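Let me begin by presenting the structure, written as structure tokens, before commenting on it.
The values are calculated or read from the model by the stated rules, or taken from the named source; none is laboratory data. These numbers were taken from a predicted model, which means no experiment stands behind them. All Cβ positions, glycine included, derive from the backbone under ideal geometry; neighbour counts span all protein chains shown. All accessible areas refer to the heavy atoms of the entire protein, side chains included, with ligands and DNA or RNA removed. Shrake-Rupley method; radii C 1.70, N 1.55, O 1.52, S 1.80 Å.
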Amino acid sequence: MTHIAVIGTGYVGLVAGACLAGWGHHVTCIDRNKARVNGLRAGKMPIYEPGLLQLVEQGMESRRLKFTSEIAPAVSTSDVVFLAVGTPPTPIDGEADLTDLFDCVREVAKTLKSGAVIVTKSTVPVGTGDILESLIRKERQQLEIDVASNPEFLREGSAVKDFTRPDRIVIGTESENARTLLTAVYADPISRGHHFMATRRRNAELIKYASNALLAAKITFINEMADLCEAVDADVSDVATGVGLDSRIGPQFLHAGPGYGGSCFPKDTVALVRTAQEYGVTLRLVEATIAANNARKRHISMKVRHVLHGRVEGKKIAVLGLTFKADTDDVRESPALSLIEVLQRSGAAINGYDPEGITNAKAVLHDVAFFDDPYDCAKSCDAVVFMTDWNVLKNLDLARLASLMRAPVMIDLQQIYPPEEAAKQGFVVETIGRTGAEPHPVGSFQPNFLLSDINPLTRLPVLPKTAATPETYDDKVAAAGT
Ligand code: NAD
């Protein structure tokens with residue numbers, strides 16, 4: 001069995017460490033956050049992830065899983081050191097911030113034994129492995145070590161399952177020693193027939209970004225189809241089902257919603273574009289995905305505004321689901337946060353509910369009243385917005401919910417409830433990808449532009465100007481003067 005150190009005990013490091021110990025390896029998880037380490041030693045999970053607590057407890061009982069905040073002792077006896085620290089976007093241009101990773105590597109290099117392998121699990125731009133190698137050489141010139149890439153594809157909410165039963169394990173290295181060690185580390189899933197792909201380090205680094213960019217594009221695509229469905233009186237869930245039945249496309253990531261969020265897709269798509277720009281390459285599709293998703297996250301508040309007849313000022317709105325998706329407590333880049341911010345700026349008061357994400361949401365949201373129960377959250381509200389499709393939110397007693405509200409208005413941005421069903425329980429409904437409880441009469445659809453109205457440069461429709469919606473500054477001045 002291999003002696004392994006994992007640096008960073010977040011969603012990736014902690015899950016990886018616990019699963020590796022579950023496969024029989026001797027694992028020490030290291031984090032500079034002492035409170036987190038002390039909590040873990042006392043059996044307190046710093047994140048919510050189904051199945052994780054049990055796995056950590058088992059690992060600690062077997063004495064194969066340990067936690068510490070000191071890098072040196074653990075690293076000096078390890079054959080493999082996984083780096084799983086955060087690589088957040090820099091505030092200025094969204095490039096991956098590798099400060100923590102570099103700090104870690106300098107520290108690791110001081111005590112690493114010869115023949116060991118450093119493995120980057122953090123998501124890092126192509127070429128980072130080369131930089132790590134040179135940092136280590138600077139620290140200890142004679143040290144014989146390898147730096148490999150092993151990107152992580154787990155999803156929050158199903159991280160333990162994803163790690164133990166992965167679609168694929170990708171390792172990137174040009175070294176035979178590293179390949180042998182990593183094959184031993186992953187012997188368990190390899191023996192169960194999971195794909196193990198060994199490739200060059202640069203390929204592995206890029207596979208991670210390319211995967212996330214493609215998934216983000218797929219979500220964005222179906223979200224745009226949802227907008228079109230609303231305009232042409234079609235139903236996006238049926239369209240998605242029909243599209244997803246094509247085996248070349250597949251059904252996953254075709255659920256229209258309020259836009260993607262989380263700690264990975266937003267930052268990784270931007271970081272990929274930045275890398276490409278550095279090399280003089282333009283990734284138009286990825287750029288368009290980012291722009292469309294950002295616009296969607298802002299625009300989605302219009303649905304709330306629309307169903308409340310254009311005014312949210314003075315209204316009390318319940319937001320159900322604050323995390324970026326179900327089964328996680330992670331609120332990073334959650335569409336719920338941007339929605340709440342926009343509604344608050346427009347003068348709405350916000351009640352918030354989430355089964356697991358309230359602690360994290362409290363750290364970033366202000367002036368929100370938080371509730372442990374969705375019915376309490378919706379009490380006396382003028383509208384309820386479904387932002388995350390938690391199971392608990394899929395089984396609400398709608399009649400009860402409606403009866404508690406000041407006005408039973410539902411904005412279902414996760415397509416949880418068929419609008420007709422919600423309408424029967426008394427709700428006025430606004431949803432995604434189809435018309436609401438009062439569908440347009442069949443045949444009423446009129447396209448609001450002709451193909452001849454398409455701007456040949458932007459490929460966007462040139463919308464007709466109306467007196468009610470002045471378009472240019474001059475128009476606005478003229479309109480103001482009348
Ligand atoms: P996270 O923010 O949850 O955890 C990072 C941890 O690293 C924190 O506990 C922090 O205290 C610790 N840390 C930072 N610098 C350190 C240092 N110098 N020494 C010791 N500990 C240090 O991050 P995460 O979500 O687990 O993501 C980690 C990496 O994995 C990122 O690059 C991310 O893009 C990638 N990734 C994340 C996911 C995901 O779903 N979260 C999935 C795949 C890949």
Output the helices (runs of 4 or more DSSP H) that fall wholly within the stretch 119-233 and possess 3 or more residues being of a type in the set (A, V, I, L, M, F, W, C) and either within 16 Å of the ligand (Cβ to nearest atom) or open to solvent by less than 50 Å² (accessible area, probe 1.4 Å) (or both), or say none. 128-139, 159-164, 176-185, 201-232
Here are the criteria: (1) within 10 Å of the ligand (Cβ to nearest atom); (2) free of Cβ contacts under 8 Å to residues at least 60 places away in the same chain. Tell me which single one ALA42 does not satisfy. (1)
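Does VAL307 satisfy the criteria of being open to solvent by 10 Å² or more (accessible area, probe 1.4 Å), of a type in the set (Val, Ile, Thr) and more than 23 Å from THR435 (Cα to Cα)? Show your work before the answer.
Numbers: open to solvent by 10 Å² or more (accessible area, probe 1.4 Å): yes; of a type in the set (Val, Ile, Thr): yes; more than 23 Å from THR435 (Cα to Cα): no.
Answer is no for this residue.
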Taking GLY257 as the residue in question, decide whether it is part of a loop (DSSP other than H, G, I, E, B) and touching a residue at least 40 places away in the same chain (Cβ under 8 Å). yes
Looking only at the stretch 287-318, which residues are out of contact with any helix residue (DSSP H, G or I) (no Cβ under 9 Å at 6 or more places or on another chain), under 15 Å from PRO258 (Cβ atoms) and of a type in the set (D, E, K, R)? LYS303
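In the stretch 191-201, is there at least one residue being among the basic types (Lys, Arg) and within 18 Å of ALA84 (Cβ to Cβ)?
As a first pass, look at the stretch 191-201 and keep what is among the basic types (Lys, Arg): 192, 200-201.
Restricting the remaining residues to those that are within 18 Å of ALA84 (Cβ to Cβ) gives 201.
Yes, the stretch 191-201 contains a residue that is among the basic types (Lys, Arg) and within 18 Å of ALA84 (Cβ to Cβ).
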I'd like the full set of residues that are surrounded by 17 or more Cβ atoms within 10 Å (Cβ to Cβ), within 15 Å of the ligand (Cβ to nearest atom) and not β-branched (Val, Ile, Thr), limited to the stretch 47-60. TYR48, GLU49, LEU52
When ILE416 is evaluated against the numbered criteria (1) crowded, with 23+ Cβ neighbours inside 10 Å; (2) over 19 Å from GLY310 (Cα atoms); (3) among the β-branched types (Val, Ile, Thr), which criterion, by number, is the only one it fails? (1)
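Results for (1) more than 23 Å from THR323 (Cα to Cα); (2) without any contact (Cβ under 8 Å) to a residue 24 or more places away in the chain; (3) in contact with a strand residue (DSSP E or B) (Cβ under 6 Å, 6 or more places away or on another chain), shown as yes or no for each residue.
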{"site": "ASP389", "(1), (2), (3)": "no, no, no"}
{"site": "LYS394", "(1), (2), (3)": "no, yes, no"}
{"site": "LEU401", "(1), (2), (3)": "no, no, no"}
{"site": "PHE427", "(1), (2), (3)": "yes, no, yes"}
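Table: residues versus (1) more than 30 Å from the chain's Cα centre (by Cα); (2) more than 25 Å from GLU278 (Cβ to Cβ).
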site	(1), (2)
GLY115	yes, yes
VAL119	no, no
THR128	no, no
SER134	yes, no
VAL147	no, no
THR164	no, yes
SER175	yes, yes
Identify, from the list GLY250, GLY262, GLY280, the residue that is open to solvent by less than 10 Å² (accessible area, probe 1.4 Å) and either part of a loop (DSSP other than H, G, I, E, B) or at pLDDT 95 or above (or both). GLY262
Considering the stretch 11-35 alone, what residues qualify as being surrounded by fewer than 20 Cβ atoms within 10 Å (Cβ to Cβ), under 24 Å from PRO151 (Cβ atoms) and within 15 Å of the ligand (Cβ to nearest atom)? ARG32, ASN33
In the stretch 61-84, what count of residues is obtained for those that are near the ligand (Cβ under 9 Å from one of its atoms) and open to solvent by less than 10 Å² (accessible area, probe 1.4 Å)? 1
Got a number for residues in the stretch 85-107 being open to solvent by less than 20 Å² (accessible area, probe 1.4 Å), more than 7 Å from the ligand (Cβ to nearest atom) and out of contact with any Ser or Thr (no Cβ under 7 Å at 6 or more places or on another chain)? 2
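On the basis of being within 16 Å of the ligand (Cβ to nearest atom) and touching a Lys or Arg at 6+ places or on another chain (Cβ under 6 Å), does SER334 make the cut? Steps first, please.
Numbers: within 16 Å of the ligand (Cβ to nearest atom): yes; touching a Lys or Arg at 6+ places or on another chain (Cβ under 6 Å): no.
Judged against the criteria, SER334 is not a match.
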Mind counting the residues in the stretch 9-42 that are touching an Asp or Glu at 6+ places or on another chain (Cβ under 6 Å) and of a type outside the set (A, V, I, L, M)? 3
Could you go through the stretch 108-115 and let me know if any residue there is within 15 Å of the ligand (Cβ to nearest atom), assigned to a helix (DSSP H, G or I) and surrounded by 24 or more Cβ atoms within 10 Å (Cβ to Cβ). yes
